[in-house]
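> One structure, pasted below without further comment.
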Amino acid sequence: LHAAGARWGLDAGHRARHGAPADAAYTWQFALDRLLLGHATGSDDDVAGVAPWPQLEGGALSALDALLRLLRVLARHERLLAEAMPPAQWRERLLQLLDALLPRPPSAATTQRALDRLRTLVDGFARDAARAGVDAPVPAEVVRAHFAQVLGDADTRAPLLTGGVSFARMVPMRLLPFRVICLLGMNDGDFPRRDPAAGLNRLTAELGTDRRRRGDRSNRDDDRYLLLQLLTSAQDVFHVSWLGADPRDGSPREPSTLVTDLLAAAAAQHADADAARKALVLAHPLQPFSPNAFGAVDADGQPDPRVFSYRAPWHPAAGRLAGARRALPPWMDATVALAPPAQAEDDLPLDALRRFLLDPAGQFLRQRLQLRLPDADEAVEDIEPLQAPDRGRARTQLQRTVFERLLAGAPAEALYAPLRARGLVPSGPLGRRVLDAIVAEVAPYADAFGRWRGGAAAQALALAVEIDGVRVHGRLEGVHADRIARLRFGTPNGPSAIRHGLDWLLLRAAGADLPFDEFHETDAAGIGPHPRPPLSQAAAIDALRTLLALRRKGLQQPLPFAPYSAWELFSQRDDVAGGLRDALKKWRGRDNGGWAEGNGDAVRLALRGRDPFADAAALRAFAHTAGLVFGAVVHGHPAPIEIGDAALPDDDAEDAA
């Protein structure tokens, strides 16, 4: 649903009823039309202005069917419940909604009890209205406010004495004597309740004046009296708790004013009131693994028996925190490697080598340890896009779509409708402005590539080469009249250099002498085409042999390499010191935060304790690998980068000396 463009609103009419423009883009109906047409046609060609989404298949179809039936019920009742009706008719409509949503009795007893309570509350609403003689139409807002209140309140008829510990609301007439009474959530602002705004209520308006009379009700006074009643009902222990610190920044938070008064009254009964007040208040640790949770000490260094924990699994962590802090040890020693796979590889797709060089840490965990880390879910937005994506797959998809349509001869002014139908640009003038910016960015590439390609259609070329008993093979797309081109919007980066370079190496290693051109931004030569330099078959085979050896090594031991950071160093190999500074920023993130390549889950797990920038030896290994990889995929000649002591950061240079 998210990929098909569902954000908010059932359809254009539903949005209009909520004060938004009557625009169907990014509504649920917009996404469902795309899903249904994609299933029906199996194609992504536009149908009557709708762009099908054909990737839904298998068991997801049954879920789609259930979703359609649910939305049909909700849409019908959204219209039925939007008008004002008498309370008796409200009862019938609400009970019909419950029956439509839950046609079969729930299997769980707790769910059945909750459903029975809902029906009881609906019946009570109509019965109370009839008893009061109200049969006029009641607006939906009033009914919604009523049920929001009654469903938000606890059930006062719940049994009180149900076991060793009873949980109840702070209500009068339950002041039974208990050995221990605990009050929770006595935070400032939460208790006592505030009196409502005066408005038309003269009694409330006169509460703070001398015109108040005996018997005028005040919520704050009721809560003060209730606290006193609870205090007198406690036989042995009266326990009061509140949130004493902000959970985000740890700043102090004050308790309710009634708790402050209670502490002052209790402290006044002692010779040293300040000491008594401090002794009465106990600050519990915030986390269960805090060392204070397993035996805190007071200001005199004496243990406080009131702080204890039975959570044995947290005790080792608390002990580590209480001791001297040490860096995490390496996940595996740098001199130790896993045994090679039991069965040697004799067939390797080029995509497997590409996946390893793009993510060596993740491939080590997945292939050798069968440990597949979950993909980080992107934050799902519930609003339609209001600007062009600035990075990632969404921006690449938008650029590629605009590029392909411009290359096919579509005029720029005709791109808005199909891109909006695919949920790639915002609606209205904002979307046209976003599209104009993308077109201005992509159009030069389309013009240059169109002139280079001419009228030749794209084909695929299957290639294979045997290197030391391993057959490396792949299928290269984008072959135009015995020429191959690769496209990168903007300047090259590490992943793009690896993707394009591996295709180039396989082409040359297989003996094909086709021209290989690239389109990307450069400072002097423009967008391109930029031809790759000549490379002999033997040199290409040697370069692939080096990369295969790196892969074998990286599957036995985590490889200190990551494409973005290594590219920063390789692209400035003439200024190694500057390249190291930029690589460090890419690895650890800049001073103002942001994305850091070294903070990836796979990198942190596989290279734990082996930060390539932590010492001179690790840094030299990182530079050596960067030179091998990018020297092979860019120039066809692996060239390790050597780092002298003068180029090391100051602390690393001292360690090396």
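> Considering only protein heavy atoms, what per residue accessible area in square angstrom results for the stretch 444-545 with a 1.4 angstrom probe?
44 Å²
> Among Trp567, Gly579, Leu32, whose Cα sits farthest toward the positive end of the charge dipole of the chain (+1 at Cβ of Lys/Arg, -1 at Cβ of Asp/Glu, about the Cα centre)?
Looking along the dipole axis, the top candidate is Leu32.
> Could you work out the helix-only [θ] at 222 nm for the chain, with each DSSP H run of four or more residues adding -39,500 (n - 2.57) and the total divided by the number of residues, to the nearest 500 deg cm²/dmol?
Taken over the chain, the calculation gives -14000 deg cm²/dmol.
> Here's a follow-up. So for the chain, averaging the separation of alpha carbon pairs under 8 Å that are six or more residues apart and normalising by length, what relative contact order in percent results?
Once divided by the residue count of the chain, the mean separation gives 10 percent.
> Any idea which of Gly19, Ala342, Gln459 is furthest toward the positive side of the dipole for the chain, if Lys and Arg beta-carbons carry +1 and Asp and Glu beta-carbons -1?
Final value for the positive-end residue is Gly19.
> Could you give the longest part of the chain that holds none of the GluC sites (Glu not before Pro) found in DSSP loops with at most 10 neighbouring Cβ atoms within 10 Å?
58-377
> Per residue, how much accessible area does the stretch 1-129 show when a 1.4 Å probe rolls over the protein heavy atoms, in square angstrom?
With the other protein chains kept in place, the stretch 1-129 gives 56 Å² per residue.
> Quick one: if the Förster radius is 51 Å, what FRET efficiency do Leu61 and Arg214 give, using the C-beta to C-beta distance and rounding to 0.05?
In this case the efficiency is close to 0.10.
> Still on this structure, please answer the following. Only helices at least 20 Å long along their own axis, judged from Cα atoms, and with Kyte-Doolittle mean hydropathy of 0.0 or greater: name those in the chain from DSSP H.
60-80, 428-453, 494-509, 537-554, 616-630
> Size of the dipole of the chain about the Cα centre, Lys and Arg at +1 and Asp and Glu at -1 on the beta carbon, nothing else charged, in debye to 20?
With Lys and Arg at +1 and Asp and Glu at -1, about 1960 debye.
> Which three semi-axes in whole Å describe the equivalent ellipsoid of the stretch 345-477, each the square root of 5 times a Cα gyration tensor eigenvalue, listed largest first?
36, 25, 10
> Continuing with the same structure: Just subtract the alpha-carbon distance of Leu115 and His2 from 0.36 nm times their residue separation and send over the number in nm, one decimal.
Extra length from Leu115 to His2 when fully extended: 37.6 nm.
> Quick check on the chain: of the DSSP beta bridges with both residues there, what percent are antiparallel, nearest 5%?
Close to 60 percent.
> In Å, the Kirkwood hydrodynamic radius of the stretch 490-625 over pairs of distinct alpha carbons?
Averaging 1/r across every pair of different Cα atoms and inverting gives 16.7 Å.
> Another question about this same structure. Please report the carbon-and-sulfur percent of the accessible area for the chain; probe 1.4 Å, protein heavy atoms only, DNA, RNA and ligands left out.
Taking all protein chains in place, the chain shows 53 percent carbon and sulfur surface.
> Under unit Cβ charges (Lys, Arg +1; Asp, Glu -1), what dipole magnitude, rounded to 20 debye, does the stretch 244-309 have relative to its Cα centre?
180 debye
> Let me ask something else about it. If you build the Cα gyration tensor of the chain and take the root of 5 times each eigenvalue, what three semi-axes come out, in whole angstrom, biggest first?
Three semi-axes, in Å: 62, 41, 23.
> Taking a probe of 1.4 Å, how large is the accessible area per residue of the stretch 550-631, in Å²?
Per-residue accessible area for the stretch 550-631 comes out at 43 Å².
> Now for a different question. Between His315, Ala100, Gly244, whose Cα lies farthest towards the positive end of the dipole of the chain when Lys and Arg beta carbons carry +1 and Asp and Glu beta carbons carry -1, centred on the Cα centre?
Positive-end residue among those listed: Ala100.
The values are calculated or read from the model by the stated rules, or taken from the named source; none is laboratory data. Remember, it's a predicted structure, so these values are computed and weren't measured experimentally. Using ideal geometry, Cβ is built from the backbone for each residue, glycine included, and neighbour counts are taken over all protein chains shown. These area figures cover heavy atoms from the full protein model, side chains too; ligands, DNA and RNA do not enter into them. Shrake-Rupley method; radii C 1.70, N 1.55, O 1.52, S 1.80 Å.
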